[in-house]
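A short write-up of the structure that comes next.
The values are calculated or read from the model by the stated rules, or taken from the named source; none is laboratory data. In this text, all values refer to a predicted model and were calculated from it rather than measured experimentally. All Cβ positions, even for glycine, are placed from backbone atoms using ideal geometry, and neighbour counts span all protein chains on display.
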């Protein structure tokens with residue numbers, strides 16, 4: 001089935017961001033691959049959630065077999081291109097490189113992976129051959145990395161896959177949420193289109209799966225179950241959480257993921273009149289938006305209620321953000337957003353003790369923009385529309401760890417709605433576990 005091409009409009013803010021890790025040239029790729037020691041018991045493989053045979057693909061690059069290198073990567077991780085650009089290799093494969101233990105520069109595994117895949121897919125679209133059609137139909141709810149990976153793997157097994165996405169722009173986190181200096185929207189969509197080209201995958205945007213369909217564009221969960229042989233829930237995460245402090249509601253206060261999405265897809269988006277921004281949070285999303293704002297020329301203060309050592313964000317991301325001007329304010333928490341004539345003019349910060357504000361320690365910090373990066377709500381309530389599917393106390397879909405099957409015998413789940421918000425590579429790894437069990441189910445094992 002011929003698939004629609006999704007194109008983002010020109011004039012988006014993300015177009016102005018430079019690539020922090022640009023594509024290697026041939027000479028650079030060969031030189032870097034020749035640094036690899038091709039360890040027999042490679043720690044980099046163990047550190048990769050999808051277990052890519054890293055020494056093997058690097059050796060193939062060094063010997064000129066770039067297509068073979070891409071095949072090695074994509075056989076283990078079907079989203080090998082986006083993972084090459086978005087993965088925190090500094091704490092995964094490259095962070096486990098033996099060179100790191102020796103105090104030397106680790107192999108640039110992510111950049112080599114990107115080189116192999118990006119130089120192969122446009123020239124070799126038919127890298128894999130799907131099995132004959134089985135007549136089985138699988139529904140995938142959400143078009144983020146977990147669903148995309150699962151659909152691609154299931155299609156290669158010969159099953160027909162239909163992805164249902166409530167937004168008009170598909171791709172989930174890859175298209176809408178990754179910092180543009182790592183991965184831009186068109187690059188994510190290009191990878192998505194490659195997965196769709198594997199065949200037997202249909203992507204339907206503007207379709208929301210609900211418990212009871214009462215409006216156009218809605219599809220009842222019961223209908224999904226009755227018309228498909230299996231269902232995969234890749235629901236992702238929901239809206240940005242709020243602090244609930246006075247002055248928070250209104251213009252000038254943005255959720256981090258919502259603001260990142262605007263930077264990536266909204267044509268003509270500009271931060272009019274914003275010279276200072278205050279980002280609230282200490283995780284990787286907070287670091288991403290703080291870094292992006294700094295690269296746009298804004299003076300950014302990142303406020304975290306605990307100490308730097310207790311931050312959830314990666315150290316290498318904080319170091320990179322600081323190099324571009326982000327300032328970290330530790331052990332402080334907003335207690336009020338101050339407005340004048342409806343506009344944000346300052347934030348009242350209080351010192352914290354054990355993460356709680358201490359009365360009498362308040363101070364005003366001038367700012368024109370406040371960005372909340374303190375987590376996201378769960379978009380998982382629809383999961384309960386499937387009989388037997390349960391949520392845990394934190395709103396995550398409950399699955400069996402080894403199979404990612406839910407309490408319903410025809411429903412599986414993976415990605416952020418299960419793990420609470422990890423990396424793209426984790427979503428792919430979970431999709432692989434689910435697909436293996438879905439395959440057993442579909443063939444009657």
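Scoring residue 397 on the criteria (1) surrounded by fewer than 21 Cβ atoms within 10 Å (Cβ to Cβ); (2) touching a strand residue (DSSP E or B) at 6+ places or on another chain (Cβ under 6 Å) leaves a single failure, condition (1).
Residues checked against (1) touching a helix residue (DSSP H, G or I) at 6+ places or on another chain (Cβ under 6 Å); (2) buried (at least 24 other Cβ atoms within 10 Å of the Cβ); (3) without any contact (Cβ under 8 Å) to a residue 40 or more places away in the chain:
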{"position": "58", "(1), (2), (3)": "yes, yes, no"}
{"position": "62", "(1), (2), (3)": "yes, no, yes"}
{"position": "65", "(1), (2), (3)": "no, no, yes"}
{"position": "69", "(1), (2), (3)": "yes, yes, no"}
{"position": "80", "(1), (2), (3)": "yes, yes, yes"}
{"position": "83", "(1), (2), (3)": "yes, yes, no"}
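Being at pLDDT 95 or above, assigned by TED's automatic domain parsing to the domain that holds residue 300, closer than 30 Å to residue 259 by Cβ and buried (at least 16 other Cβ atoms within 10 Å of the Cβ) is the requirement here; does residue 371 meet it? So residue 371 fits the description; yes. Just one of (1) crowded, with 19+ Cβ neighbours inside 10 Å; (2) over 14 Å from residue 372 (Cβ atoms) fails for residue 270. It is (1). Within the range 218-237, no residue satisfies the criterion of being without any contact (Cβ under 8 Å) to a residue 40 or more places away in the chain and either under 15 Å from residue 397 (Cβ atoms) or crowded, with 24+ Cβ neighbours inside 10 Å (or both). Scanning the range 125-154 for residues being surrounded by fewer than 13 Cβ atoms within 10 Å (Cβ to Cβ), within 28 Å of residue 176 (Cα to Cα) and touching a residue at least 12 places away in the same chain (Cβ under 8 Å) gives a total of 1.
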